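The values are calculated or read from the model by the stated rules, or taken from the named source; none is laboratory data. Treat the numbers as computed from the prediction; the structure is a model and nothing was measured. Using ideal geometry, Cβ is built from the backbone for each residue, glycine included, and neighbour counts are taken over all protein chains shown.
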Amino acid sequence: MKNSLVLFKIPFLQSIYTSVILLNIGIWVRNFSILMFVMEQTDNDPFAVSMISVAQFGPMFLFSFIGGTLVDRWKPKKTMVICDLISSLFVALIVMTLSLGVWQVIFFVTLASSIFSQFTNPSAMKLYKIHVEEDQLQSALSLYQAIQSLFMILGPALGAYVFTSVGIYPSLLITSAAFLLSALALSTIPKDEEVINSDASKKGILKSMKAGYKYVIAKRELKVMGGCYVFAGLAVGLIQPLAVFIILEKLSLPREHVKYLMMASGIATLFGSFFVMFLRNKLTPPQQLALGMFVDALCLIVIGNSEFLVLTFAAQIVYGLFQPMIHIGINTIMVRTSEQEYLGRVNGFLNPLFMGTMLLMMSCAGWFKEIFTISTIYSTSGLLFLIGMLIVVPLFKLNFSAAKETEKAVQ
């Protein structure tokens, strides 16, 4: 615990955590305000509501790799500050446009924010690589995950409360202010190096993208992470929309009880982020990742087949407790094994693998439910996690430092 508290004395982490808190406030207020506003304007039209998700997730596929490539050519701190400033200004402009009666422009708030996140997320990973020592990296990412988990619990209530209290215009202004304050917090991060990657800056965009792809393919650890991302995305997406059927069919309870199941998992995820800190000196990142996938696989099989309330909730809590091991393990391996000059492209290449497979399975989950029982679906999801775990096992004996020999493979 003492080692974890030391992290709060690192100026970079003070700035980045402050920014993450402010961004989450803005994002959750924005998401729920836009959702409720669109439902009011369209009388709960499902198509209009689904377009919010399209605006949110679409740019992850269209701009992720391009964004990662550009981030490798730009200064990370400057990139994050400018993106937050533009996001703040853009939301303010949308408020002005809304006042003219054109409510449809509200979709562009989510769209623009999602586009800018394709630049800020890989920039943040590069800054972690630059400013955090390797032996502190896993704990630093654990605290980051803890903040995200906390807002997964509190964010929906915060967003709904703000919108119902003040309405759409003040809600968006709060979002704009949060983004602006985030930019100010990031401005206190130590100045970027004058030259980050001279070779990449001399190449064209397409050549830089090609070099990034070759780098991922040439590096064993990153190929393993790609496979892990795919099976984790398939597993999570398959069950994501179907938790309510555990309540209805396996426990024979009213559907409203699903919120308690999700709440238990969310709180466990928060504690799981701190749990990872205590294991950092006992298990390597690949071992933590494999353990997280193994335990979650068993929990999903139990949840899908249990008809006992206590057993189901206990399995859901353990599932949430070990979830951060997967996310933190993957991010730690990615940051530690990637050279700084390629980290943006690595992030831009790998992250869409998880999001794409997850969204694919989410879109098919309803169809699968019509064919298979909920027990079969949850057990299949557990099996996918087990396959992902087996993919990670070969990394147990590898030394996790950015290998220099991969440079030759991409030149």
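Please identify the pairs in which a residue from the stretch 32-58 that is within 23 Å of Ile174 (Cα to Cα) and at pLDDT 85 or above has its Cβ atom under 6 Å from the Cβ atom of a residue that is among the aromatic types (Phe, Trp, Tyr) and surrounded by 18 or more Cβ atoms within 10 Å (Cβ to Cβ), counting only partners at least 6 apart or on another chain.
Phe32/Phe163; Ser33/Phe163; Met36/Phe163
With the checklist (1) surrounded by fewer than 20 Cβ atoms within 10 Å (Cβ to Cβ); (2) modelled with pLDDT of 90 or more in hand, flag the one item Tyr319 doesn't pass.
(1)
All but one of (1) over 26 Å from Arg220 (Cα atoms); (2) among the small types (Gly, Ala, Ser); (3) over 17 Å from the mean Cα position of the chain (by Cα) hold for Gly320; state the number of the condition that does not hold.
(3)
Take the residues of the stretch 2-31 that are in contact (Cβ under 8 Å) with a residue 12 or more places away in the chain and of a type in the set (Phe, Trp, Tyr): which is surrounded by the most Cβ atoms within 10 Å (Cβ to Cβ)?
Among residues in the stretch 2-31 that are in contact (Cβ under 8 Å) with a residue 12 or more places away in the chain and of a type in the set (Phe, Trp, Tyr), the one surrounded by the most Cβ atoms within 10 Å (Cβ to Cβ) is Trp28.
Per-residue answers, yes or no, for (1) charged (D, E, K, R); (2) in a helix (DSSP H, G or I); (3) surrounded by fewer than 20 Cβ atoms within 10 Å (Cβ to Cβ); (4) touching a residue at least 40 places away in the same chain (Cβ under 8 Å):
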site	(1), (2), (3), (4)
Ser208	no, yes, no, yes
Val230	no, yes, no, yes
Thr269	no, yes, no, yes
Asn281	no, no, yes, no
Gly292	no, yes, no, no
Leu298	no, yes, yes, yes
Phe313	no, yes, yes, yes
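Given the criterion within 30 Å of Tyr213 (Cβ to Cβ) and either outside any loop (DSSP other than H, G, I, E, B) or modelled with pLDDT of 90 or more (or both), identify the matching residue among Met263, Met325, Met277.
None of the other options fit; the residue is Met325.
Taking the stretch 58-81, which residues are surrounded by fewer than 18 Cβ atoms within 10 Å (Cβ to Cβ) and of a type outside the set (Lys, Arg)?
If the condition is that a residue be surrounded by fewer than 18 Cβ atoms within 10 Å (Cβ to Cβ) and of a type outside the set (Lys, Arg), then Gly58, Phe61, Leu62, Ile66 are the ones that fit.
Would the stretch 363-374 turn up any residue that is out of contact with any helix residue (DSSP H, G or I) (no Cβ under 6 Å at 6 or more places or on another chain), within 25 Å of Arg255 (Cβ to Cβ) and of a type in the set (Val, Ile, Thr)?
Yes, the conditions are met somewhere in the stretch 363-374.
Would a scan of the stretch 10-26 turn up a residue that is in a helix (DSSP H, G or I), under 30 Å from Phe278 (Cβ atoms) and modelled with pLDDT under 90?
Scanning the stretch 10-26, I find at least one residue that is in a helix (DSSP H, G or I), under 30 Å from Phe278 (Cβ atoms) and modelled with pLDDT under 90, so the answer is yes.
With respect to Ser187, determine if the residue is in contact (Cβ under 8 Å) with a residue 40 or more places away in the chain, surrounded by 17 or more Cβ atoms within 10 Å (Cβ to Cβ) and out of contact with any Leu (no Cβ under 8 Å at 6 or more places or on another chain).
No, not satisfied.
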